[in-house]
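One structure is given below, encoded as structure tokens.
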Amino acid sequence: MQRPEAWPRPHLAVGAAAVQAGGPAPPAGAGEPTGPREPSLYTIKAVFILDNDGHRLLAKYYDDTFPSMKEQMAFEKNVFNKTSRTDSEIAFLGGMTIVYKSSIDLFLYVVGSSHENELMLMSVLTCLFESLVHVLRKNVEKHWLLENMDGAFLVLDEIVDGGVILESDPQQVIQKVNFRADDSNLTEQSVAQASKYPTERNEAAWQFSHPKEVLQSAKEQIKWSLLK
């Protein structure tokens, strides 16, 4: 993040000279910065995807603006009613900036505060959509989203974490998602092998502790092989 320029400090001698000359002292707060504050890292309030009836399919909220599920659902309903029949890509509602995009029977939304840069919010939305295009094999619609919900959440987690924008390049997002998926598959294989190992070990221990039964079994196998 680019460091903000240093604010000019008030010249203390000006106020002191005015007081000594009998003039009025400068007002409190004079010389303090009046420009915009340094922007926060926490720029995304929520990301959600609705179907063409306004029902939630995927949602993540990153602050306590809407702390309860009831408040979140009411907000999503208001957003859908305001945006579902317009061709615009930006809406302002309740002191928040909302960018959105539709695809077949889906509506994708990214929500920020009223002072957030619309272009920055739009870059997150574009990254989300293009990443889903890859994960859903170009079928960005309700059926395929529901079939690949785990992948969709992985994509979102690689783009935004706790309201902080991590990535806006869809190619980088897909590489990280694939890496996490591969790592998950390796973990599942390790668990399967670990669960198989005690069975094999117990079988070997049984054979060691029952030599007569093992010998008898071997004799039976030899007899049946000679009779064939």
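What the table below lists for this structure:
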{"item": "Spin-label model distance (nm) - Glu118 vs Asp64, 7 Å beyond Cα toward Cβ", "result": "3.2 nm"}
{"item": "Heavy-atom accessible area order for Thr43, Thr86, largest first, 1.4 Å probe", "result": "Thr86, Thr43"}
{"item": "Label-point separation in nm, Asn52 to Asn178, each point 7 Å along Cα→Cβ", "result": "3.2 nm"}
{"item": "Nitroxide proxy distance, nm - points 7 Å out along Cα→Cβ at Asn78 and Asp161", "result": "3.2 nm"}
{"item": "Contour minus Cα-Cα distance for Glu89 and Asp169 (0.36 nm per residue)", "result": "26.8 nm"}
{"item": "Entries of Lys60/Lys138; Lys45/Lys101; Lys82/Lys176; Lys70/Lys101 with Cα pairs more than 28 Å apart", "result": "Lys82/Lys176"}
{"item": "Under the Debye formula (equal points on every Cα, no solvent term), log10 I(q)/I(0) of region 46-180 at q = 0.11 Å⁻¹", "result": "-0.35"}
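The values are calculated or read from the model by the stated rules, or taken from the named source; none is laboratory data. It should be emphasised that the depicted structure is a prediction, and the values quoted were computed from it without experimental measurement. With ideal geometry, Cβ positions are generated from the backbone for all residues, glycine too; neighbour counts draw on all protein chains shown. For the accessible areas, the whole protein counts, side chains as well, though only heavy atoms, and no ligand, DNA or RNA atoms are used. Shrake-Rupley method; radii C 1.70, N 1.55, O 1.52, S 1.80 Å.
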